[in-house]
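The values are calculated or read from the model by the stated rules, or taken from the named source; none is laboratory data. Keep in mind that what you see is a predicted model, and the values were worked out from it rather than measured. Ideal geometry is used to build each Cβ from the backbone, glycine not excepted, and the neighbour counts take in all protein chains shown. Just the protein is used for accessible areas: all its heavy atoms, side chains included, with ligands, DNA and RNA removed. Shrake-Rupley method; radii C 1.70, N 1.55, O 1.52, S 1.80 Å.
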Amino acid sequence: MKVLYACTELYPLLKTGGLGDVGGALPPALRDAGCDVRVLLPGFPAIRTGVSRSRLPHASPLALPDGEGPRLAQLGLRQPPALQPAILPGSGLAAYVLDVRTLFDRPGNPYEDAQGDNAIRFALLGWAAACLGHGLDPHWQPQVLHCHDWHTGLAPLYLRQTAMPGPPPASTVFTVHNLAYQGLFPRSSFGQLGLPDYLFGIDGVEFWGQVSFMKAGLQSADRITTVSPTYAREILGPEQGCGLDGLLRERSAIVSGILNGVDYQLWNPSHDAMLAHPYDCDSLQDKALAKAGLQRRMGLEERPQALLCGVVSRLTEQKGLHLVEALADELVGLGGQLAVLGNGDGPLEQAFLRAAARHPGRIAVEVGYDEALAHGIMGGADVIMVPSRFEPCGLTQMYGLRYGALPLVHRVGGLADTVVDATAENLRAGRATGFAFDGFDAQALRPALRRAFELHAHPDAWAAVQRTAMRQRFGWAEAAGRYMALFRSLGPQAAAA
Ligand code: ADP
């Protein structure tokens, strides 16, 4: 089974969030499951410098045809856009890098749209994926084109719209990692996309007068997946459907949820190079060393008994961290500590920094992005806070489980699928792995936080829950097996249907 994995982020080359973790882990897991997988990436600086040029059988660059896709003439390019063959470091997987310097070779956040050309940039990525799906590479044509999030949303549409000579095109799977980011562009950008006029309509890419790349993917893919079973159900309703729930309900027969996995090579306290002292279920006492190390690193008082709550997150409204901020004083009043690593919304960053200033030694906040500190917080924290308003899957709570940092979560999406609340019944049954609450406000979070403090006051009971949490496994092999089953269910005829 040949699969082209088209995405924009791939750890360790480029990561802005969970999409990058998945890009780094799922393609190799698919390979290990027996799939012949290649990756398509845009040539952002971090990606171009991260890949070593290879000697693949088709080592020469592939020129993209100027056909029914984006109007290449408008790009002002001297040469046709090219796909450079490459090898991904680490996994050794073959990749195609869309190497158009004027479009992708820019510093900063890869999705920044300062030049107002994101529509054409990511349309070109979709066009590249579609051309490969049609057999652009004479040595390797995928049977399945696996696209990820709005950045690749046009790929299934271009593939469907374009007739090319040769064997039948690839079938398409579109995976939604976050429905809230939709790739919306002004109507004026539609003309650049090279799509027939009728597609700017309710059955096409039009969304409340704008162009929606997410909608394009949802409309035209043969299968839609999202990254947890609960989120797959939630997006069929108006609350989480982001205005696309009607379309998703119509296509619900082809919508499913496949839970993300954890890369336990990278996220494993027994051999985490970013922790000074490894530990595991049978050496939990050594987690105290990681905790002391974190307290020192972040300028917190070295209090072994304090319940240390950690946050590693984008600081956006989605992540619900304003609920944590609202309870910060109370958390300190209960004898706890708070360690926050994140960046995002300025006002929330400032609110956390003010809380740290009010409680030196008890609340520490680092604004920024720091992979090593993220591991340090998982290792040192007793609790990892993930109170997201919605959460397609969420990886940090799964990392927390493996590190014995019990997740405290809002019971939605992937958080509901991965954390077992420490109710009296679940504690008795030895199933509990964290704390969950319903209702999205600080009042609702408060009792869950208090339950964490209460349990922490009983070290044996706490350690028992930690061990249960640390034994949970959300391996990529299982996820890859589910994707493989989905791919196999798609014959080439599925694309033609
Ligand atoms: P999302 O993709 O919505 O941001 P996930 O929980 O799926 O959320 O994935 C977040 C990933 O990004 C995790 O690997 C987490 O450790 C990492 N991360 C988030 N914020 C930071 C940060 N400030 N520094 C380092 N890593 C971070």
Scan segment 325-377 for residues that are of a type outside the set (A, V, I, L, M), open to solvent by less than 60 Å² (accessible area, probe 1.4 Å) and away from the ligand (no atom under 16 Å from the Cβ) and jot them down. Glu330, Gly335, Gly336, Gln337, His359, Gly361, Arg362
So which pairs qualify, if the first residue must be in segment 13-26 and under 15 Å from Trp150 (Cα atoms), the second must be open to solvent by less than 30 Å² (accessible area, probe 1.4 Å) and near the ligand (Cβ under 8 Å from one of its atoms), the Cβ gap must be under 6 Å, and the two must be at least 6 apart or on different chains? Gly18/Leu395; Leu19/His177
Flag if Ile224 is among the aliphatic types (A, V, I, L, M), under 22 Å from the mean Cα position of the chain (by Cα) and within 16 Å of the ligand (Cβ to nearest atom): no
Sort through Gly394, Gly380, Gly400, Gly404 and tell me the only one that's closer than 30 Å to Gln285 by Cβ, among the small types (Gly, Ala, Ser) and near the ligand (Cβ under 8 Å from one of its atoms). Gly394
Within segment 1-51, can you find the residues that are away from the ligand (no atom under 16 Å from the Cβ), open to solvent by less than 40 Å² (accessible area, probe 1.4 Å), part of a loop (DSSP other than H, G, I, E, B) and aliphatic (A, V, I, L, M)? Val51
Among the residues listed as Ala288, Ala292, the single one being more than 28 Å from the chain's Cα centre (by Cα), under 13 Å from Ala381 (Cα atoms), away from the ligand (no atom under 16 Å from the Cβ) and open to solvent by less than 30 Å² (accessible area, probe 1.4 Å): Ala292
Only residues that are open to solvent by 10 Å² or more (accessible area, probe 1.4 Å) and either out of contact with any Gly (no Cβ under 8 Å at 6 or more places or on another chain) or farther than 20 Å from Val22 by Cβ (or both): list them for segment 386-398, please. Arg389, Thr396
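Residue by residue, here is whether (1) in contact (Cβ under 8 Å) with a residue 40 or more places away in the chain; (2) under 24 Å from the mean Cα position of the chain (by Cα) holds:
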| site | (1), (2) |
| --- | --- |
| Ala128 | yes, yes |
| Gln161 | yes, no |
| Phe200 | no, no |
| Arg233 | no, yes |
Residue under evaluation Ser54, criteria (1) among the hydroxyl-bearing types (Ser, Thr, Tyr); (2) surrounded by fewer than 23 Cβ atoms within 10 Å (Cβ to Cβ); (3) modelled with pLDDT of 90 or more, criterion not met: (3)
Count - residues of segment 297-317 that are of a type in the set (A, V, I, L, M), within 16 Å of the ligand (Cβ to nearest atom) and open to solvent by less than 10 Å² (accessible area, probe 1.4 Å): 2
Among the helices (runs of 4 or more DSSP H) contained in segment 130-245, which hold 3 or more residues that are acidic (Asp, Glu) and open to solvent by 20 Å² or more (accessible area, probe 1.4 Å)? none
Would you check if there is a residue in segment 247-263 being at pLDDT below 95, in a loop (DSSP other than H, G, I, E, B), in contact with an Asp or Glu (Cβ under 8 Å, 6 or more places away or on another chain) and under 23 Å from Gly116 (Cβ atoms)? no
